[in-house]
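Okay, so here's the structure we're looking at.
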Amino acid sequence: MQTIGFIGPGKIGLPICTHLVKAGYRVLGYRRGAMTEFEQIGGTPARSPAQVGAEADIVFACLPNDEALDEVVQGPRGLVHSARRGQIVVELGSHPIPVKQRYLAPLAAKGAIFLDGEVSGTPGMVAQRKGVIYLGGDRDAARTIEPVVGAFADSCLYFGPFGAASKVKLVNNLLVALHIAGTAEAMAIGLKAGVDVDLLIKAVATGSGGSTQFGIRAPWMAERRFLPQQGTTESLVHYLDMAKTFADEVGTATPLLDCLREIYRRAVPVVGERDVAAILEVFEQPER
């Protein structure tokens, strides 16, 4: 039985690990928090990232911030201490490209290959194998892990040089934020218009104005079903800020992005710990 390492089995990582276990892999995982859910799906807990690396030739990580990534790779019990020739490490979390690039050389010095990875999809989409995996970096390493990725995602796209996957993720999430905000504004109008809301959702979702985000979140908005949280306003603010930096670097105008950043910043205290679909309430508030 092949061992696959996974560091950070959280909202996105846990359903990935579930698919890997069901596919017959031994999944060795680590996170700083409780591992109860991970053990319940058949995962094997590890004491440190270094232990994960010592027992797995392929290691996935999905980490929430830059500090966590640094600790996992270069901390006292980090992956760099057990890295070896032929090992492949894939970071699926979203970080600025220069941050991810910091770990190419330390891992390469041990013979390991670090890949730029991203996940497109909500936790629910990943659980249904509807998420899409983006990869960038060493082509042969990407080919090597494709069968493993195939255990938890039907679609895996290779974009070329390291950093390319992160760039595509920023473009994708700019549109995610745009579609969620557009869905919220449209639903705020529709809910107050007195029309049949179920038919409204069906008409838009199957018509020319529909989108993946409308299909997912318009019904939640109609029912005011904002828990459990599938996506946060804070994470979209994070993505939009990175997208703004990226757009400035390539020299493109961003009037819509600038507007979205303001909308989502205003939404953070309104939405709180609920799903980002609760941004509906921002559009229901009277203009000041």
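The values are calculated or read from the model by the stated rules, or taken from the named source; none is laboratory data. Source: prediction; values computed, not measured. Methodologically, a virtual Cβ is constructed for each residue, glycine included, from the backbone with ideal geometry; neighbour enumeration extends over all protein chains shown.
Looking at the structure I just gave you, is Leu79 within 20 Å of the chain's Cα centre (by Cα), closer than 23 Å to Thr144 by Cα and either buried (at least 23 other Cβ atoms within 10 Å of the Cβ) or among the hydroxyl-bearing types (Ser, Thr, Tyr) (or both)? Please lay out each step first, then the result.
Working: within 20 Å of the chain's Cα centre (by Cα): no; closer than 23 Å to Thr144 by Cα: yes; either buried (at least 23 other Cβ atoms within 10 Å of the Cβ) or among the hydroxyl-bearing types (Ser, Thr, Tyr) (or both): yes.
For Leu79, the condition - within 20 Å of the chain's Cα centre (by Cα), closer than 23 Å to Thr144 by Cα and either buried (at least 23 other Cβ atoms within 10 Å of the Cβ) or among the hydroxyl-bearing types (Ser, Thr, Tyr) (or both) - is not met.
The residues of the stretch 212-233 that are assigned to a helix (DSSP H, G or I) and surrounded by 14 or more Cβ atoms within 10 Å (Cβ to Cβ), listed by number, are Thr212, Gln213, Phe214, Gly215, Ile216, Arg217, Ala218, Pro219, Trp220, Met221, Ala222, Thr233.
For a quick check of your reading: which helices (runs of 4 or more DSSP H) sit entirely within the stretch 1-116 and have at least 1 residues that are under 21 Å from Tyr158 (Cβ atoms)?
Numbers: elements: 13-22, 36-40, 49-55, 66-74, 97-101, 104-108.
Where helices (runs of 4 or more DSSP H) fall fully within the stretch 1-116 and carry at least 1 residues being under 21 Å from Tyr158 (Cβ atoms), they are 13-22, 97-101, 104-108.
Selection within the stretch 102-132: residues that are among the charged types (D, E, K, R) and more than 11 Å from the chain's Cα centre (by Cα). The member of this set that is nearest to Cys62 (Cα to Cα) is Asp116. Residues that are under 13 Å from Val73 (Cα atoms) and out of contact with any helix residue (DSSP H, G or I) (no Cβ under 8 Å at 6 or more places or on another chain) within the stretch 85-101 comprise just one, Gln101. Here Ile263 clears all of (1) of a type in the set (A, V, I, L, M); (2) in contact with a helix residue (DSSP H, G or I) (Cβ under 6 Å, 6 or more places away or on another chain); (3) closer than 23 Å to Gly124 by Cβ; (4) buried (at least 18 other Cβ atoms within 10 Å of the Cβ) except the condition numbered (3).
Remark: pairs (first residue in the stretch 102-117, without any contact (Cβ under 8 Å) to a residue 24 or more places away in the chain and farther than 11 Å from Arg84 by Cβ; second residue outside any helix (DSSP H, G or I) and not aliphatic (A, V, I, L, M); Cβ separation under 8 Å; 6+ apart in sequence or on different chains) = Ala108/Phe114. The residues listed here are Val204, Val195, Val148; of these, the one that is under 22 Å from the mean Cα position of the chain (by Cα) and among the β-branched types (Val, Ile, Thr) is Val148. Gly136 passes every criterion in (1) within 16 Å of the chain's Cα centre (by Cα); (2) within 18 Å of Tyr25 (Cβ to Cβ); (3) not polar (S, T, N, Q) apart from (2). For Val59, indicate whether it is crowded, with 17+ Cβ neighbours inside 10 Å and either modelled with pLDDT under 95 or closer than 22 Å to Met242 by Cα (or both). Criteria not met by Val59.
Annotation note: of Ala184, Ala188, the sole residue that is among the small types (Gly, Ala, Ser), buried (at least 21 other Cβ atoms within 10 Å of the Cβ) and farther than 28 Å from Leu79 by Cα is Ala184.
Note on the stretch 163-181: among residues that are on the phi < 0 side of the Ramachandran plot and small (Gly, Ala, Ser), the one that is surrounded by the most Cβ atoms within 10 Å (Cβ to Cβ) is Ala165.
Considering the stretch 146-162 alone, what residues qualify as being of a type outside the set (A, V, I, L, M, F, W, C) and either crowded, with 17+ Cβ neighbours inside 10 Å or assigned to a helix (DSSP H, G or I) (or both)? Glu146, Pro147 - these are the residues of the stretch 146-162 that are of a type outside the set (A, V, I, L, M, F, W, C) and either crowded, with 17+ Cβ neighbours inside 10 Å or assigned to a helix (DSSP H, G or I) (or both).
This table checks each residue for (1) in a helix (DSSP H, G or I); (2) over 20 Å from Met221 (Cβ atoms); (3) in contact with a helix residue (DSSP H, G or I) (Cβ under 6 Å, 6 or more places away or on another chain); (4) in contact (Cβ under 8 Å) with a residue 24 or more places away in the chain.
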site: Asn172; (1), (2), (3), (4): yes, yes, no, yes
site: Ile180; (1), (2), (3), (4): yes, no, yes, yes
site: Met187; (1), (2), (3), (4): yes, no, yes, yes
site: Gly190; (1), (2), (3), (4): yes, no, yes, no
site: Gly210; (1), (2), (3), (4): no, no, yes, no
